[in-house]
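Reading through the C-alpha cells given below for one structure.
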Amino acid sequence: MISSNGTPPQVALIGVSGYATVYVDWLLDAHKSKRIRIVALSVLPDELDLPAVTKIRNRGAKIVTSYQKLFASDAPRIDLCYIPTGIQWHARMAIAALRANCNVLVEKPLAGSVEDVERVQQVERETGKWVAVGFQDMYTSEIAELKNNLIKGEIGKVEAIAMLGAWPRPESYYLRNHWAGKLQADGAQVLDSPLNNAFAHFINLSLYLASSQIETSSKVEVTSADLYRAHNIESFDTAVVSARSSDDVLFWFGVSHACQTSIEPTIRIIGSKGHIDWTHEDKCITVFDDKIQSTRAVPNYAVTRGKMFENVIDRLSDPEARICESSVAICHTQLIEQIHEKGVVKTVDASEIERVTLGDGSATVPAIKRIEERLTAAFQTLEPLSDIECETANV
C-alpha cells in the first residue's frame, strides 16, 4: 500500500523482545524495501540499548518508553500499530491505538477475557478503525479455499472437528516471563495455557472452519473439560475439551506441553461423506471411503506469517484484503473462558510423571507417562481423557 502522495504507510511497534523479534525482522525488511516506514517504537527503559532498538532508531523512528507516549499529541502519524506483547496488554494497548486513529495488528489471542474483546470491538465501532489478530493461518488463500470447499459440501455436512497437538515445553518455558502459566497478570485476565497460546492458532482455525459462512466463526458450548498440570503453574499444560456449536457440530481438542515427543497439530474435519486431515506445515488430505481423493500442501510458518504481515498492509487501502477480524477472534476467547469456568485444573500425581530431558540435556520436562498415546487414542474416538491419576483438585 502506497498513500495517495506516494509515501508508504507509517507504522509503529510496541516491544522488541521475546516473540516481538519476529515482528522486528519483518518490519526492518519491509522498511528497507519501502513497503512501510517505521516511525515510532515503544520499549521498556531497560531495553533501550538492545540491538533491535538501535536498528529501528537508525531508520529514523522515534523511541519512547511507554505505549501511552506512542500516541501523545506530538507523536508522528501512525497508520498501523503492531502489538506483539503479553496477553494481558493486548486489549488495553489495542484500545489506546484505536483511539489514536490507528489500525492494529495484535498478537493472538485478542485478549484474555470476553469482556476485554468486547471493549476492543466497541472502540472499533466508535473510531471506524480495525483490529487484525495474529492467527496467521487465517490469512492464507489455502484456508479460504478449504473453507469455501466445506461450505460447498465437499465432505457433506460437517459433523465434527477434532484438533490434536503435543509440543514438549521445559520448565524454563514457564519462567520466560511473569505471566506464563498464569490466570491473571498486571491487572488483567490472561488464562495462559496451550489452548490460549501455542495451540491457539489451531483452536481458532477449527472454530472458523466449522461455521457455515466464509466470514464467521463458530460459537460453542463447552460440554466437558479435562484439565491437568504437570508443571508447577496456576493454569493447565494438558487438556482434552469437548464442545458443541449451535448448528450441532461436535468439537474435540486435545493438547499437551507435558510430553516427551511432539505431535504436530492436526485438525480432522469429519463430514457425512468423508473427512479432511489438515496437518500443520505439511499437507491437507481429503478422504472418501477410506481412499485419499486429494492432497494439498499446507504452507509453512514463514509463509503464513509473511502473508499475515502483507495482508494487514494491504488492508489499509483494500477493505477486501483478508485478515482475522475481532468478530472471528472473539469465538476463541469465548471458548477459553468457558473452559476455565466449567473445568477444574487437576495436579497430576508424581507417580504419573517422568522427568525427561530435551536437546543437549539442559532442559527438563515433567512429562505425563504415555500422554502422547493417551491423547492419540482419545482423538480417534473423540472421548474424554480420564485415566490420569491426580492429586487434590484446585479450582
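Bear in mind these aren't lab numbers, they're just calculated from the coordinates by the rules spelled out. This one's a predicted model, so the numbers in the text were calculated from it and none came from an experiment. With ideal geometry, Cβ positions are generated from the backbone for all residues, glycine too; neighbour counts draw on all protein chains shown.
Summary of values
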{"quantity": "Among the listed pairs LYS129/LYS342; LYS108/LYS182; LYS34/LYS55; LYS157/LYS291; LYS273/LYS307; LYS147/LYS307, those beyond 27 Å (Cα-Cα)", "calculated": "LYS129/LYS342; LYS273/LYS307"}
{"quantity": "Shape box of region 10-136 [Cα atoms, principal axes, largest first, Å]", "calculated": "38, 27, 27"}
{"quantity": "As computed over region 36-91, the Cα convex hull volume per residue (Å³)", "calculated": "98"}
{"quantity": "Around SER235: net Lys/Arg minus Asp/Glu count, Cβ-Cβ under 10 Å", "calculated": "-1"}
{"quantity": "Global geometry of region 102-227, whether rounded, prolate or oblate, following the gyration tensor of its Cα atoms and the 1.5 cut on a/c", "calculated": "oblate"}
{"quantity": "Of every Cα-Cα pair in region 137-394, the percent that sits beyond 26 Å", "calculated": "42"}
{"quantity": "Student exercise, region 214-271 dipole from Lys, Arg, Asp, Glu Cβ charges, in Debye to nearest 20", "calculated": "100"}
{"quantity": "Residue order, fewest to most surrounding Cβ atoms within 10 angstrom, among GLU391, GLU154", "calculated": "GLU391, GLU154"}
{"quantity": "Calculated over region 156-255: convex hull of Cα atoms, volume per residue (Å³)", "calculated": "111"}
{"quantity": "Amide H within-cut-off set for GLN293, under 5 Å, with H built and near neighbours excluded", "calculated": "THR286, VAL287, PHE288"}
{"quantity": "Compactness relative to 2.2 N^0.38 Å, alpha carbon Rg of region 287-393", "calculated": "1.61"}
{"quantity": "Listed residues VAL43, ILE78, ALA20: farthest to the positive end of the dipole of region 10-136 (Cβ charges)", "calculated": "ILE78"}
{"quantity": "Cut-off 13 Å between beta-carbons: net charge of the residues surrounding PRO76, Lys and Arg +1, Asp and Glu -1", "calculated": "+3"}
{"quantity": "3J(HN,Hα) from dihedral phi, region 125-140, Karplus parametrisation 6.51/-1.76/1.60, rounded to Hz, x for glycine, proline", "calculated": "5, 5, 9, x, 9, 10, 10, 9, 10, x, 8, 5, 5, 5, 8, 8"}
{"quantity": "Computed helical MRE - 222 nm, the chain, DSSP H runs ≥ 4 contributing -39500 (n - 2.57), nearest 500", "calculated": "-9000 deg cm²/dmol"}
{"quantity": "Ranked list, fewest to most other Cβ atoms within 10 Å of each Cβ, for LEU385, LEU110, LEU27", "calculated": "LEU385, LEU27, LEU110"}
{"quantity": "³J(HN,Hα), Karplus 6.51/-1.76/1.60, whole Hz, each residue of region 96-111, x for Gly, Pro", "calculated": "4, 5, 4, 5, 8, 6, 10, 7, 9, 10, 10, 5, 6, x, 4, 6"}
{"quantity": "Burial ordering of PHE288, PHE202, fewest other beta-carbon atoms within 10 Å first", "calculated": "PHE288, PHE202"}
{"quantity": "Total charge dipole magnitude, the chain, about the Cα centre, Cβ charges on Lys, Arg, Asp, Glu only, Debye to nearest 20", "calculated": "1400"}
{"quantity": "Stretchable slack from GLU159 to ASP360, in nm (0.36 nm times residue separation minus alpha-carbon distance)", "calculated": "68.0 nm"}
{"quantity": "Dipole magnitude (debye, nearest 20) for region 262-344, charges at Cβ of Lys, Arg, Asp, Glu", "calculated": "160"}
{"quantity": "Bridge type composition, region 137-394 - antiparallel percent by DSSP, nearest 5", "calculated": "80"}
{"quantity": "Furthest towards positive pole of dipole, ILE269, ALA258, LEU191, structure part region 137-394, Cβ charges", "calculated": "ILE269"}
